[in-house]
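Novice: For reference, the structure I am asking about is given below.
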Amino acid sequence: MIKVENVTMKFRMANDRINSLKEFVVKKTLGKITYKEFTALKNVSFSIQKGEVVGIIGSNGAGKSTLLKVISGIMQPTTGSVKVEGSIAPMLELGAGFDVDLTARENIFLNGAVLGYSKKYLTERYDDIVEFSELAEFMDVPIRNFSSGMTMRLAFSIATLVNPDILIVDEILSVGDGSFQKKSAKRMGELMSGGTTVILVSHSIEQIKAMCSKVIWLEDGLVQMVGDTRDVCKAYNDKMKNDYLINEQKTMSKKEDNTDWKTKLYTPTSIEKIEELYFIVDCWHHRVIYNDNLTDPIKNWKTLSNNIGDPHSIVSDGIFYLVEDAQLNEVKVFKKENNSFRQIQTIEQLGQRPNRLIYDSDNKKYYGISAMSQHVFVLSNEEDETIICEKVIRLGYLKEGSYIRSISLIDKELYFVSGPGKIIVANYMNSSFDKLREYKVPFELQGMNDITKIDSYYYISVYQNGAGEIAPRLVRVKDLDDLAQSKYEDIYAELGLRGVPYNFSFIEDRVFLTEIDSYSSIISFKVDGDKIVDVCSHYEAGAAADSSLWRRNS
């Protein structure tokens, strides 16, 4: 039914991050864009017979999702061939193929048509799809207003109730509440017993063992092993354990010569005071540290976690402490236990590179932005037991391909800065995130980091200009409409900055500003009648040392 022969998949990637079409045109014209070739799949061959349930395993970046997209016909291989007999229902992403501006009812027919089913057939199965999804009262609601769980239930219901010949599932069974997971597992069992061919990608080896009769193990784009589930899973687990021990030994060996980074900061993206403790998010050292004062040297601070990929912020409701892991596309949840912290939860499926978290104490919700995929997500405290994800939504007005560094709450409205090259204001109180208005900014301010309001001024930190070149600024303006005409006050030199000004925070009666990239430090100041006074420097680390550069890349 499925035959993959000598499939190789290559991608051509730019060496530099390009945040906009304008930046691409400028760099392309100047000949500044260089590329490197990445091979995701290398001469992959195997076959799957009708009715088989096959698992695909491998570490992150092994090529699993790319392989599924090639089998589904979403991507054409660079070389090699894929032969598929029968209809395919690919479930590669939550709501893939949905139009967020259409209602759930309309998306059932749209998505079903994409899968190759007639309107007559979908009409006959419509009631079954709605009943299984448990979304009857939301059928006339646009998908953009759905939570991630609701979107997943609808996507799963459409894909599995139209009885496809081949069902391709990429991690989707691990999403949703316990009740729906049991329900979806039962439905998967019915499909398997009914002769549907299933290809399942999962990081849960236990799930693979429970559902699959055959497993394909991929690593670095190469097929390592194909065969009986028990044999392949054992070989994979043995390899992972061995690699872990080897990496631990290498890491310990390197750490002996690279401990100096622990005594300083490298790109501190955020500082907060939560109850009686100060927290510093030390981004490129991949850690969050805390202390009860701002006078002790950094080496004396305690560590919340030193295993977070590029964290940018920390927020808390006094019970849970949330930090985003931008590298793993997840949010880590901690709880305080006596004099230390313990990670209790990981929240996934939030988009690409979650980059900023904020907490609104009025409605007791957390809001976050995923920088690369323009997804906004809403999290909340579930009876002090866990953090739940209420909603994940991609906002079309943020412009696909843009990089959104920050969100801020100002006067009961949500402000977005950076990627779109403008400031956008949205309604967040009802979780609709409808756009209220926008403000144009000049070329030199288009790569913004953060925005806040202090007394009568808006303060804006800037990383890059419109061409993507690092050109740090710190500006303030009373009327955001004035920005379009470059009418603003640049206070970068007044505050004695040397690096890139990043995030603002408020601790007691002072404004704190972190400084990152080429020069790392934290400053604070007071504002008295719109006049900046009493500027102080905290933990000035300066340029990165060799140990910090090692830690960033380790």
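The values are calculated or read from the model by the stated rules, or taken from the named source; none is laboratory data. Treat the numbers as computed from the prediction; the structure is a model and nothing was measured. Glycine gets a Cβ as well: all are built from the backbone with ideal geometry, and neighbour counts include every protein chain shown.
Novice: Only residues that are assigned to a loop (DSSP other than H, G, I, E, B) and either aliphatic (A, V, I, L, M) or out of contact with any Gly (no Cβ under 7 Å at 6 or more places or on another chain) (or both): list them for the range 119-166, please.
Specialist: Keep residues of the range 119-166 that are assigned to a loop (DSSP other than H, G, I, E, B), which gives 134-135, 139-141, 146-147, 162-165.
Scanning the range 119-166 gives Glu134, Leu135, Met139, Asp140, Val141, Phe146, Ser147, Val162, Asn163, Pro164.
Novice: Report yes if some residue within the range 475-489 is within 25 Å of Pro311 (Cβ to Cβ), at pLDDT 95 or above and buried (at least 20 other Cβ atoms within 10 Å of the Cβ); otherwise report no. Give the derivation first.
Specialist: Narrowing the range 475-489 to residues within 25 Å of Pro311 (Cβ to Cβ): none.
No: the range 475-489 contains no residue that is within 25 Å of Pro311 (Cβ to Cβ), at pLDDT 95 or above and buried (at least 20 other Cβ atoms within 10 Å of the Cβ).
Novice: Within the range 303-320, take every residue that is among the hydroxyl-bearing types (Ser, Thr, Tyr) and over 22 Å from Leu513 (Cβ atoms) and give me the one that is modelled with the highest pLDDT.
Specialist: Thr303
Novice: Taking only pairs six or more apart or across chains, which ones have beta-carbon atoms under 8 Å, a first residue in the range 366-387 that is on the phi < 0 side of the Ramachandran plot, and a second residue that is of a type in the set (Asp, Glu) and in a strand (DSSP E or B)?
Specialist: Here the result reads Tyr366/Asp360; Tyr367/Asp360; Gly368/Glu324; Val378/Glu390; Leu379/Glu390; Ser380/Glu390, each pair linking the range 366-387 to a residue that is of a type in the set (Asp, Glu) and in a strand (DSSP E or B).
Novice: Then there is this: Is it true that some residue in the range 434-449 is assigned by TED's automatic domain parsing to the domain that holds Leu277, assigned to a strand (DSSP E or B), out of contact with any Ser or Thr (no Cβ under 8 Å at 6 or more places or on another chain) and crowded, with 20+ Cβ neighbours inside 10 Å?
Specialist: The initial filter retains those residues of the range 434-449 that are assigned by TED's automatic domain parsing to the domain that holds Leu277, namely 434-449.
Now restrict to residues that are assigned to a strand (DSSP E or B): 435-440, 447-449.
Right, trim to out of contact with any Ser or Thr (no Cβ under 8 Å at 6 or more places or on another chain) and you get 435-440.
Subset that is crowded, with 20+ Cβ neighbours inside 10 Å: none.
Taking every residue of the range 434-449 in turn, none turns out to be assigned by TED's automatic domain parsing to the domain that holds Leu277, assigned to a strand (DSSP E or B), out of contact with any Ser or Thr (no Cβ under 8 Å at 6 or more places or on another chain) and crowded, with 20+ Cβ neighbours inside 10 Å.
Novice: Is the range 344-353 home to any residue that is surrounded by fewer than 19 Cβ atoms within 10 Å (Cβ to Cβ) and over 26 Å from Asp170 (Cβ atoms)?
Specialist: Yes, the range 344-353 has at least one match.
Novice: Is it true that some residue in the range 179-193 is hydrophobic (A, V, I, L, M, F, W, C), modelled with pLDDT under 85, more than 25 Å from Glu348 (Cα to Cα) and assigned to a helix (DSSP H, G or I)? Talk me through it step by step, then tell me what you get.
Specialist: The first filter runs over the range 179-193 and keeps only residues hydrophobic (A, V, I, L, M, F, W, C), leaving 180, 185, 188, 191-192.
Okay, now just the ones that are also modelled with pLDDT under 85, so 180, 185, 188, 191-192.
Those left that are additionally more than 25 Å from Glu348 (Cα to Cα): 191-192.
Imposing the further condition that a residue be assigned to a helix (DSSP H, G or I) reduces the set to 191-192.
Yes.
Novice: Condition test on Ile298, is it of a type in the set (A, V, I, L, M, F, W, C) and within 24 Å of Pro354 (Cα to Cα)?
Specialist: no
Novice: Would you check which residues across the range 200-214 are touching a Gly at 6+ places or on another chain (Cβ under 8 Å) and either modelled with pLDDT under 75 or outside any helix (DSSP H, G or I) (or both) and list them?
Specialist: Result: Leu200, Val201, Ser202, Cys212, Lys214.
Novice: Let me ask something else about it. Being of a type in the set (Asp, Glu), under 20 Å from Met91 (Cα atoms) and either modelled with pLDDT under 85 or touching a helix residue (DSSP H, G or I) at 6+ places or on another chain (Cβ under 8 Å) (or both) is the filter here; which residues of the range 106-146 pass it? Step through it out loud before you land on a result.
Specialist: Step one: filter the range 106-146 for residues of a type in the set (Asp, Glu), giving 106, 124, 127-128, 131, 134, 137, 140.
Subsequent filtering for residues that are under 20 Å from Met91 (Cα atoms) retains 106, 128, 131, 134.
Answer for the range 106-146, where residues must be of a type in the set (Asp, Glu), under 20 Å from Met91 (Cα atoms) and either modelled with pLDDT under 85 or touching a helix residue (DSSP H, G or I) at 6+ places or on another chain (Cβ under 8 Å) (or both): Asp128, Glu134.
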